[in-house]
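These notes concern the structure reproduced below.
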Amino acid sequence: MSEEEKQPEKTTEAKKPSKFQELRGSHKFRIWLIIFLMAIVAILFIFFQKLRVILVVAFIALLAALGLEVSQNDWDLQKLWETKSFQESKVTRDTQGNILFDKLGNITTDSTKGKSADQYNCDDFSTQPEAQAFFEKVGGVGNDVNRLDGNKDGVACQDLPKGK
């Protein structure tokens, strides 16, 4: 056997998302999780009289989260702070309930201009600085769901051209 035949064949399969990532991306799971947490808070409310004020606040927060999840709406808090307008800062999610990002890392509601953060890979960018800007805007090393920074050194897509 030659050396080439001995070495295993390399494949470039895309890694499947973990079970946790699949659950996190499931709209139904998020709704049921919020309902489950509301039930726990309600049960704690019955048994812990000294914590009732805190539990009421938690229940109201979960109720608001449920409303946002059911309506598939959200607000960009930075834009809300800048514009003081709920209408201008409203973000609509895609059919799976994910927020969409454009190539610059900005939140968008137009599915032709963006996709969810975990769907981007280095092939989507033409230069390393473009990939780096996106990488930093959607979470950096602590939230690299698309593995743009394989060696976790803080530099995304190192093999891309450096650009201008």
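Things worth noting here:
- Each Lys and Arg contributes +1 and each Asp and Glu -1, all at the Cβ; summed about the Cα centre of the stretch 19-71, the dipole is approximately 100 debye.
- Between Ile40, Ser26, Ala61, the Cα set farthest toward the positive side of the dipole of the stretch 19-71 (charges on each charged residue's Cβ, about the Cα centre) is that of Ile40.
- Rg(Cα)/(2.2 N^0.38 Å) for the stretch 19-71, N = residue count: 1.27
- Environment charge at Ser89 (Cβ cut-off 10 Å; Lys +1, Arg +1, Asp -1, Glu -1): -1
FYI, it's all coordinate maths here, none of it is from the lab. Please read these numbers as outputs of a predicted model, since none were measured by experiment. Note: ideal-geometry Cβ built from the backbone for every residue, glycine included; neighbour counts use all protein chains shown.
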